[in-house]
Amino acid sequence: AQFPNPQWRSPEEANERTDLTEKVDVFSMGHIFFRLICGHEPWNKLEIGGRPTKEEVDEKVKKGIMPFVPKDIMETSDPEIAAMRDAMLECYKVDPAERPDARSIAVKLDRALSSLKAKAEAKATK
C-alpha cells in the first residue's frame with residue numbers, strides 16, 4: 001500500500017511507477033532515521049522557505065530532493081548520530097537499484113553498535 005501523504009513516499013511512488021519493489025520501504029526507513037536524528041518528521045520543519053505544502057513536497061519527492069537536514073547533523077562527530085545519518089543517506093538514494101536492502105542497513109548499524117560498545121568497554125577499563 002502506498003502512503004497517501006507525499007512526505008512519506010519514495011520518488012518512484014510519487015512518480016507513479018508500476019515496478020515498485022521493497023526498496024520503497026527502504027526509502028521510508030530513511031524517514032524513520034530522519035525522525036530519530038532530527039527530532040521531527042521529514043518536511044515538517046526547518047525547510048528553506050518554510051514548511052512546504054503537500055503539493056510542494058510531492059514535487060520535491062518526485063525530483064528526488066530529500067528533506068532538509070540541519071548542518072549539525074550532517075557534520076556531527078557523534079558516532080551514534082553519524083551511523084544513523086549515514087544509514088538515512090543510503091536509504092534516500094533516488095535510484096532504488098542503488099539503495100541497500102534492509103539487511104545491509106541492519107548489518108552496518110550492528111557493526112557501528114559493536115564498535116561503540118568496544119570503545120566504551122576499552123574506555124571503562126582504563
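Each residue of segment 115-126 was assigned a 3J(HN,Hα) from its phi angle through the Karplus expression (A = 6.51, B = -1.76, C = 1.60, θ = phi - 60°), giving 5, 5, 4, 4, 5, 5, 5, 5, 5, 5, 8, 7 Hz with x at Gly and Pro.
The long axis of helix 23-38 is offset from the longest Cα principal axis of the chain by roughly 60 degrees. Placing unit charges on each Cβ (+1 for Lys and Arg, -1 for Asp and Glu) gives the chain a dipole about its Cα centre, and among Leu20, Ala112, Ile73 the Cα reaching farthest toward its positive end belongs to Ala112. The helix-based estimate of mean residue ellipticity at 222 nm for the chain, built from -39,500 (n - 2.57) per DSSP H run of four or more residues and divided by its residue count, is -17000 deg cm²/dmol to the nearest 500. Residues Arg35, Arg85 in ascending order of nearby Cβ atoms (within 10 Å, fewest first): Arg35, Arg85.
How big is the dipole moment of the chain about its Cα centre under a simple scheme where the beta carbon of each Lys and Arg is +1, that of each Asp and Glu is -1, and everything else is neutral? Debye, nearest 20, please.
The calculated dipole for the chain is roughly 520 debye.
Considering segment 6-124, its Cα convex hull presents a mean projected area of 7.7 nm². Legend: residue pairs Lys54/Lys93; Lys60/Lys117; Lys23/Lys60, Cα-Cα distance threshold 27 Å; pairs beyond threshold, Lys60/Lys117. Computed from label points 7 Å out along Cα-Cβ, the spacing between Thr18 and Ser114 is 4.4 nm.
No value in this document is a laboratory result; all are computed from the given coordinates. Small disclaimer: the values here were computed from a predicted structure and weren't measured. Methodologically, a virtual Cβ is constructed for each residue, glycine included, from the backbone with ideal geometry; neighbour enumeration extends over all protein chains shown.
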